[in-house]
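The values are calculated or read from the model by the stated rules, or taken from the named source; none is laboratory data. Just so it is clear, the structure is predicted and the values come from calculations on it, not from any experiment. Virtual Cβ from ideal backbone geometry, glycine too; neighbours counted across all protein chains shown. The protein model used for the area step is the full one, side chains on, heavy atoms only, and it has no ligands, DNA or RNA in it. Shrake-Rupley method; radii C 1.70, N 1.55, O 1.52, S 1.80 Å.
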Amino acid sequence: PIPYEFDLIQNFPNPFNPATTIKFSLPVMTVVDLRVFNVLGREVKQLVADTRTAGVHEVVWDGRTNNGTTASSGIYFYRLIAGETTIQRKMLLLK
């Protein structure tokens, strides 16, 4: 079924090590930007940057940064921008 609204679902598992799954739902086809940021607001990883169809989508973050290194333990934020909607959630990487 097609979702009625945009949603960014809490990642699981949380806390995680070494990987976590992030799901999001889209009621219409739209351009999606999904990124992970550290507590200082610096981008750690861009997970999605393309057009996605309506429905529920799933992305796995393996705990690696954009340059391929392993992210350190700590709190991270993941932000979904889909159309004019922005949603952010918090997650915890434990090693």
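Table for the structure above
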quantity	calculated
Hits in segment 18-40 (condition: open to solvent by 80 Å² or more (accessible area, probe 1.4 Å) and either in a strand (DSSP E or B) or on the phi > 0 side of the Ramachandran plot (or both))	Val31
Tally of residues being exposed (fewer than 15 other Cβ atoms within 10 Å of the Cβ), of a type outside the set (D, E, K, R) and either in a loop (DSSP other than H, G, I, E, B) or touching an Asp or Glu at 6+ places or on another chain (Cβ under 7 Å) (or both) across segment 1-13	6
Qualifying positions in segment 50-95 - open to solvent by less than 70 Å² (accessible area, probe 1.4 Å) and aliphatic (A, V, I, L, M)	Ala54, Val59, Ala71, Leu80, Ile81, Ala82, Ile87, Met91, Leu92, Leu93
Segment 41-95: number of residues that are under 21 Å from Phe6 (Cβ atoms), charged (D, E, K, R) and not in a strand (DSSP E or B)	1
Pairs where the first residue, in segment 68-95, is within 15 Å of Gly41 (Cβ to Cβ) and the second is assigned to a strand (DSSP E or B) and open to solvent by 70 Å² or more (accessible area, probe 1.4 Å), C-beta under 6 Å, 6+ apart	Phe77/Gln88; Phe77/Lys90; Tyr78/Arg89; Arg79/Gln88
